[in-house]
Amino acid sequence: MANGDYYDILGVRKGVGEEDIRKAFRKKAMEFHPDRNKSANAEEKFKEINEAYQVLSDSNKRAQYDQFGKAGVGGNGGSGQPFDGFEGFGGFGDIFDSFFGNGSGRRSRAQPQRGSDLQHRVVLSFEESVFGAEREVDLTRLEDCGVCSGAGNEPGTPIETCSTCKGNGQVRRAQRSVFGQFTQVITCTSCSGKGTIIKTACSNCRGGGKERKTRKIAVNIPAGVEGGMQVRLTGEGDAGRDGGGTGNLYVYIDVQEHQYFDREGSDLTYVLPVNIAEAALGAHKSIPTLDGNDEDLKLPQGTQPGTEFRIKGKGVPHLHGNRRGDLRVTVDVRVPGSLDNRQQELLQELAQSFADSNGSSPKGGSDDGDDKGIFDKIKEALG
């Protein structure tokens with residue numbers, strides 16, 4: 001919002017006619033127009049001049065301003081658009097836009113356009129995600145025309161310099177306004193900013209210089225990837241235009257589930273089912289690994305449900321390092337859902353033994369040797 005009095009900003013006395021205000025505005029606007037005046041405060045001064053003119057050129061706003069000051073016109077010239085005052089002056093709005101970027105502005109010759117990025121999705125087995133893999137994907141992408149090598153003209157025919165822009169890709173357009181004559185630089189419409197004209201278009205690409213081709217692209221999947229990750233292949237996307245770079249290919253990873261293993265970061269997890277006798281007495285268990293060699297795991301006596309054991313270095317390779325995570329084995333003590341007669345007898349004998357050892361029997365409990373014998377029998381019965 002302008003700080004000074006609107007009449008002082010335009011350099012006129014209070015009570016002057018509309019024509020005097022218009023003349024004063026034009027004079028001030030030409031003096032402080034950013035294209036003519038390169039001082040640091042020219043643009044801000046230019047805005048103040050416009051704000052003052054919007055109020056003083058409107059009879060209703062001017063009357064409110066004369067009586068109440070800026071409070072009478074909302075404190076901002078009565079307009080939410082600080083440059084509306086230039087409309088109606090012979091196309092000045094377009095010229096002003098060209099300086100401040102609100103309209104057509106300065107348009108240059110055809111600029112290089114980077115090619116589009118492409119996407120492809122691959123599904124890996126669990127083992128492939130852990131150890132890495134190489135996949136070959138069929139990819140359809142935009143490439144330079146194989147007939148004209150991207151030039152767009154029929155081989156053997158000339159590409160001529162545009163006679164309109166003389167090969168510059170741009171033309172200058174003069175425009176008059178109340179502030180004088182201004183020149184805009186715009187894209188040449190004859191050659192679309194390229195600076196050249198193709199007389200005979202390529203019969204294969206019809207002058208576009210590009211065609212879609214299907215290629216087989218080798219994709220190296222690093223060890224340790226997870227589902228949802230992406231692998232970027234730089235320069236394997238669509239070809240660019242007008243000298244622009246080639247886009248990239250992004251390969252998105254999906255991973256199938258494994259029959260035995262899950263993954264938590266760089267660790268593999270495995271649930272080891274054991275029966276109640278193995279948990280109580282201890283046991284040696286064979287643990288599968290993704291490497292193909294089983295690992296021996298010793299369960300101590302009295303292993304509780306949910307106990308976790310770690311087998312070092314049998315997990316997933318770190319994506320950005322040489323180390324591997326661990327294989328975490330969680331014990332799941334399985335209670336049988338059905339028992340044969342012998343198993344029922346042994347468990348009943350075990351239950352009685354526990355009851356005796358807890359003081360339920362006047363004779364007291366059986367010794368450890370007897371209890372162990374019962375567990376051995378149960379273990380044998382449960383297989």
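The values are calculated or read from the model by the stated rules, or taken from the named source; none is laboratory data. Please read these numbers as outputs of a predicted model, since none were measured by experiment. Quick reminder, even Gly has a Cβ in these numbers, built from the backbone with ideal geometry, and neighbours come from all protein chains shown.
Observations on the model:
- Filtered residues of the stretch 228-268 (kept if in a loop (DSSP other than H, G, I, E, B) and of a type in the set (F, W, Y)): Y260
- Looking only at the stretch 235-265, and only at residues there that are out of contact with any Leu (no Cβ under 8 Å at 6 or more places or on another chain) and of a type in the set (S, T, N, Q), the one that is farthest from L290 (Cα to Cα): T246
- Cβ-Cβ under 6 Å pairs, at least 6 apart or on other chains, the stretch 148-170 side on the phi < 0 side of the Ramachandran plot, far side of a type in the set (D, E, K, R): Q170/R109
- When D138 is tested against (1) crowded, with 18+ Cβ neighbours inside 10 Å; (2) in contact with a Ser or Thr (Cβ under 9 Å, 6 or more places away or on another chain), exactly one condition is not met: (1).
- Residue among K199, K210 that alone is of a type outside the set (A, V, I, L, M), within 30 Å of R172 (Cβ to Cβ) and modelled with pLDDT under 95: K199
- Residue within the stretch 144-151 that is at pLDDT below 95, part of a strand (DSSP E or B) and among the charged types (D, E, K, R) present: yes
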